[in-house]
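Visitor: Right, I'll just put the structure down here and ask away after.
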Amino acid sequence: MSPKKLNLKDKYKLLTRDLDWEFSYEDRKEAFPYEEFEGIKITDWDKWEDPFRLTMESYWKYQAEKEKKLYAIYDAFAQNNGQTNVTDARYVNALKLFLTGVSPGEHAAHLGFAFTGRQMGGIGARVAAQMQSIDELRHIQTQIHAMSHYNKFFDGFDEFNHMHDRLWYLSVPKSFFEDARTAGPFEFMIAIGFSFEYVLTNLLFVPFMSGAAYNGDMATVTFGFSAQSDEARHMTLGLEIIKFLLEQHEDNLPIVQKWLDKWLWRGYRLLTLVAMMMDYMLPQKVMSWQEAWELYFEDAGGALFKDLERYGIKMPDYTDTIKQEKEHLSHQAWWIFYQYTHAAAFHTWTPSAEEMDWLSEKYPDTFDKYYRPRWELAAEMEAKGERFYTTGLPQLCQTCQIPMAFTEMSDPTQVVYRESIYNDERFHFCSDPCKSIFDNEPEKYVNAWLPVHQILQGNCGGGGLDKVIEYYHLEDGVANLDFEGSPDAERWKDWKGVA
Amino acid sequence: MSRVQIAFQDNDESRYIVAAIEQDNATAVVHYEPAMIRVENEGSLIIKRDTVSEQIGMEWDVQALHINLITLTGHIDEDDDYFKIMWNN
Ligand SMILES: [Fe+2]
Ligand SMILES: [Fe+2]
Ligand SMILES: [Zn+2]
């Protein structure tokens with residue numbers, strides 16, 4: 001008789017749970033030194049349920065299959081000069097922002113999950129976090145590979161890592177992940193595993209990647225969806241960790257709620273970049289930021305919070321602000337970049353007449369009233385040879401590091417200014433939630449590396465803007481400024497045979 | 001009841017998975033979006049190994065779902081012969 005085939009549950013038990021051992025001669029507390037210092041109480045790790053029950057063996061098998069499919073498409077894309085088939089070369093600027101702003105976050109997530117995959121005391125959680133750590137490494141690698149083809153033909157890709165550490169707007173994603181990685185293991189899991197992966201990454205990957213497909217970019221949609229196939233597993237880990245912590249001990253509830261309030265806001269602010277990519281940077285649009293927010297946050301997130309109510313978890317009280325901001329966010333963000341594009345590693349432009357009509361249709365209550373007149377004026381000035389730039393440096397929010405440009409929802413023409421005094425010093429914030437995040441942990445956020453402060457202190461090349469641009473490794477007139485008149489635009493016209 | 005959703009890359013394997021979903025979930029709504037297929041259903045949604053195997057014309061392993069999966073919502077219940085997502089509200 002041949003041996004009986006194990007079913008999924010037994011296989012998972014033997015090949016995952018059984019990898020753990022008892023600590024007979026070493027102190028368990030010393031092996032997991034971070035497990036208690038956040039105040040989280042775990043009574044029984046055996047209660048951890050991994051719903052996917054993926055063993056290492058199947059993990060490697062399916063991951064290898066995904067990679068083979070992915071790289072076959074990269075080859076085809078390169079062999080067929082896929083870069084010439086995108087709808088419009090302006091589109092490629094969204095990829096530059098992706099590679100400089102998002103991909104290094106994959107690497108940060110890789111490091112963060114390696115940490116929790118070592119530090120959590122339960123084997124089930126540890127194995128899941130280790131798999132995720134390997135996934136995240138795969139994500140940054142496949143993204144670099146996909147972009148390396150674009151790098152042969154477009155400016156702004158080559159120094160992505162150098163730029164990630166220095167550029168003013170890239171400090172937003174960089175500080176977000178550093179904030180999470182300098183927290184304890186459970187806060188990291190709630191920050192990245194739950195808040196970011198479960199609640200927010202769909203907004204980054206799903207509509208945007210669908211948009212890449214719509215804009216003729218086969219390489220990006222493929223790495224995006226290939227990464228996203230791991231994401232379904234990451235989301236499940238995020239949901240599992242929050243349920244587990246809440247079920248383990250009632251004292252965990254206030255701690256978890258506080259982390260949620262903090263990280264959903266931090267993540268939401270980070271997605272400002274995505275809002276702008278969707279509404280302004282995709283020449284062929286799939287859905288508006290507002291529609292994506294409604295589908296993936298309000299609808300899917302709403303169902304999730306209804307489920308978490310049983311544990312006493314509440315939707316953060318700033319949700320109403322977010323609801324109002326969805327009609328303003330992308331317009332305010334693109335305006336920031338339009339003003340400061342001389343110090344950015346991608347190109348900007350004013351939306352065309354058709355694009356503005358699309359924006360009016362998607363944002364009937366706000367676009368014509370607040371934003372269309374501004375873009376029309378900018379285009380008019382451009383036509384007269386008086387392209388508008390802001391030459392001063394903006395004030396940054398101490399928490400999210402985004403320039404202070406978001407407005408009061410009660411009066412969308414008024415910029416929000418909030419402040420706190422800590423140790424006789426005054427700190428500035430873009431919003432009430434950013435202020436309360438600071439007020440909860442001022443000793444952490446006073447250490448923020450704020451690009452504008454650093455420039456003014458002479459730590460970014462010293463001297464004027466020309467020195468700062470050099471420090472960024474930006475060559476003036478190449479990767480920065482408007483798309484119109486850029487070397488990218490000239491090459492594109494050449495390929496397409498337009499004069 | 002809240003809606004659950006699941007999305008797949010639009011390709012030749014997913015097509016049969018989606019056909020199986022439609023067969024086993026009478027109220028499921030299928031949306032074809034650029035490069036992806038998104039399926040929604042009230043409360044829960046089940047994918048059965050046998051139905052997919054029948055549709056695809058060969059033995060299909062539930063865990064092969066990972067290859068073309070893009071995203072999902074809800075809690076998961078997975079076993080050898082089915083994969084289910086649901087909300088408890
Ligand atoms: Fe990732
Ligand atoms: Fe992830
Ligand atoms: Zn802020």
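The values are calculated or read from the model by the stated rules, or taken from the named source; none is laboratory data. Because the structure is a prediction, the values reported are computed rather than measured. Note that we place each Cβ from the backbone using ideal geometry, even for glycine, and neighbour counts take in every protein chain shown. The protein model used for the area step is the full one, side chains on, heavy atoms only, and it has no ligands, DNA or RNA in it. Shrake-Rupley method; radii C 1.70, N 1.55, O 1.52, S 1.80 Å.
Visitor: Rounded to the nearest 20 Debye, what is the dipole magnitude of the range B:14-82 about its Cα centre when Lys and Arg each give +1 and Asp and Glu each give -1 at the C-beta? Don't jump to the answer; show the numbers that get you there.
Guide: Numbers: 4 positive and 14 negative charges, 71 e Å.
Rounded to the nearest 20 debye, it is 340 debye.
Visitor: Now for a separate question. Report, to the nearest whole %, how much of the accessible area of chain A belongs to carbon and sulfur atoms, 1.4 Å probe, protein only. Intermediate values should be presented prior to the final figure.
Guide: Numbers: 10230 of 20270 Å².
Solvent-exposed carbon and sulfur of chain A make up 50 percent of the total.
Visitor: Which of rounded, prolate, oblate describes the range B:14-82, given a ≥ b ≥ c as roots of the alpha-carbon gyration tensor eigenvalues and a/c under 1.5 marking rounded, otherwise prolate only if a/b is larger than b/c? Don't jump to the answer; show the numbers that get you there.
Guide: On the way: a/c = 1.37, a/b = 1.22, b/c = 1.12.
Cα axes put the range B:14-82 in the rounded bin.
Visitor: Under the definition of partner shielding as Cβ atoms of other protein chains within 10 Å of a residue Cβ, what is the mean value for peptide A:222-232?
Guide: Numbers: counts 2, 0, 3, 11, 4, 1, 6, 9, 2, 4, 11.
The mean count of partner-chain Cβ atoms within 10 Å per residue comes to 5.
Visitor: Something else: For A:K285, what is the net charge nearby, where nearby means another residue's Cβ is under 11 Å from its Cβ and Lys, Arg count +1, Asp, Glu -1? Walk me through the intermediate numbers first.
Guide: Numbers: positive: A:K362; negative: A:D279, A:E291, A:E354, A:E355, A:E361.
Local charge sum for A:K285: -4.
Visitor: Counting only other residues whose beta carbon sits under 13 Å from that of B:D24, what net charge do I get with K and R as +1, D and E as -1?
Guide: Working: positive: B:K48, B:R49, B:K84; negative: B:E22, B:D50, B:E54, B:D81.
Here the charged neighbours net out to -1.
Visitor: Sticking with this structure for a sec: Count the net charge of all other residues whose Cβ sits under 11 Å from the Cβ of A:G82, scoring Lys and Arg as +1 and Asp and Glu as -1. Each step should come with its number before you reach the end.
Guide: Working: positive: none; negative: A:D75, A:D217.
Net charge around A:G82: -2.
Visitor: Right, something else. Please give the calculated 222 nm ellipticity per residue for the protein assembly as shown, where each DSSP H segment of at least 4 residues contributes -39500 (n - 2.57) and the sum is spread over every residue; nearest 500 deg cm²/dmol?
Guide: Numbers: 27 runs with 293 residues, N = 588.
Estimated from H runs of four or more residues: -15000 deg cm²/dmol.
Visitor: Chains A and B: buried accessible surface, both sides, probe 1.4 Å, rounded to 100 Å²? Intermediate values should be presented prior to the final figure.
Guide: Working: alone 21870 and 5180 Å², together 23840 Å².
Adding both sides of the contact gives about 3200 Å².
Visitor: Which of the lysines could be linked to A:K13 by a straight reach, that is with a Cα gap under 26 Å, when you skip same-chain ones fewer than 8 residues away?
Guide: Output for A:K13: A:K4, A:K5, A:K29, A:K41, A:K47, A:K61, A:K66, A:K243, B:K48, B:K84.
Visitor: With all protein chains present, calculate the accessible area of A:E441 using a 1.4 Å probe and round the result to the nearest 10 Å².
Guide: 50 Å²
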